[in-house]
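Take a look at the structure below.
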């Protein structure tokens, strides 16, 4: 288990992580989400002892990372796929890591096979594509067969087959009872991978909850209606007590109703409709709504949406 208690990190006047507390429990994949500049990478670095906190603490199964003996046996991590000596072959890179943690040499070939790099074992890492470097980094994280694993943007550079593979790998590791923490900007992938979410913004905790509860709380489902008689349709729905919002693309978004009910109303009133469809709540929608006020960097077009003026 990973435990953070009031973890704080400052860089001059900037507070990168601000009194952050949460736990990552075994047996599930925990997604670690936040906008750019939220403090995710700094938090991961402090968990792994790469940055020293200005306050609070981070513990892995009760110990701070610098006090772990043979740390690869306790925790595996992928933070930067290209952080490998480019002149070493994949096998020699892993052999070096194995020797520093007194791991059996057979583990090198085992993890190379598991990540699909057996055929590239004798190639120099400096010539690897980003996807191959990601696989090598994952092999290094798994080398000590650790009970705790941290992955930062693990699908970067992977092709579709590789994305499915890493998704299934993380879920298998969790089923084995391991603690798995994954940071990613890909909401669609997190929706398929994570069981639990920790969301931060501007270094502070915004949410620590299950995936289903998070989506239900911070997003909404609605019925999209596309019709050339929008004003008449809006009037009909409003008279039935249906809450309706006119979207910027000319469609209507009806809440607290069903597509069948909207279709029946349109038929009874002789209205033409070109589309009546149910739009389900999504992780991306929930994430955007929750973090709208915590976005550090955004384009001009996103500023309006994040401010709530176009927050649908």
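Once the Cα-Cα distance is subtracted from the 0.36 nm per residue extended length, the residue 277 to residue 105 segment shows a gain of 56.2 nm. Each semi-axis of the equivalent ellipsoid for region 1-52 is √(5λ) with λ an eigenvalue of the Cα gyration tensor; in descending order they amount to 20, 12, 10 Å.
Relative to the longest principal axis of the chain, what angle (0 to 90°, nearest 10) does the C-alpha long axis of helix 259-268 take? That works out to roughly 20 degrees. With the biggest extent put first, the Cα atoms of region 72-206 measure 43, 28, 27 Å across the principal axes.
Hey, can you rank 136-145, 97-106 by average C-beta count inside 10 Å, highest first?
Listed from highest to lowest mean packing, they are 136-145, 97-106.
Distance from the alpha carbon centroid of region 133-188 to that of region 1-24 works out to 23 angstrom. Measure nothing fancy, just the Cα-based angle from helix 230-239's long axis to the longest principal axis of the chain, in degrees from 0 to 90, nearest 10. Once rounded, the angle reads 90 degrees.
Considering all C-alpha pairs of the chain, those separated by over 27 Å amount to 53%.
Temperature 20 °C, viscosity 1.002 mPa s: under these conditions the Stokes-Einstein estimate for region 221-279, based on its Kirkwood radius over C-alpha pairs, is 197 µm² per second.
Can you give the angle from 0 to 90° between the axis of helix 130-142 and the longest principal axis of the chain, with both taken from C-alpha atoms, to the nearest 10? For 130-142 against the chain, the angle is about 60 degrees.
Dimensions of region 35-99 along the principal axes, based on C-alpha atoms and rounded to the nearest Å, stand at 39, 31, 16, largest first. Take every Cα pair under 8 Å whose residues are at least 6 apart in sequence, average their separation, divide by the length of the chain, and the relative contact order is 21 percent. Below 8 Å, C-alpha to C-alpha, sequence gap of six or more: please give me the relative contact order for region 103-237 in percent. Once divided by the residue count of region 103-237, the mean separation gives 15 percent.
Every number here is computed from the coordinates shown, using simple stated rules; none is lab data. These figures come from a predicted structure and were not determined experimentally. Quick reminder, even Gly has a Cβ in these numbers, built from the backbone with ideal geometry, and neighbours come from all protein chains shown.
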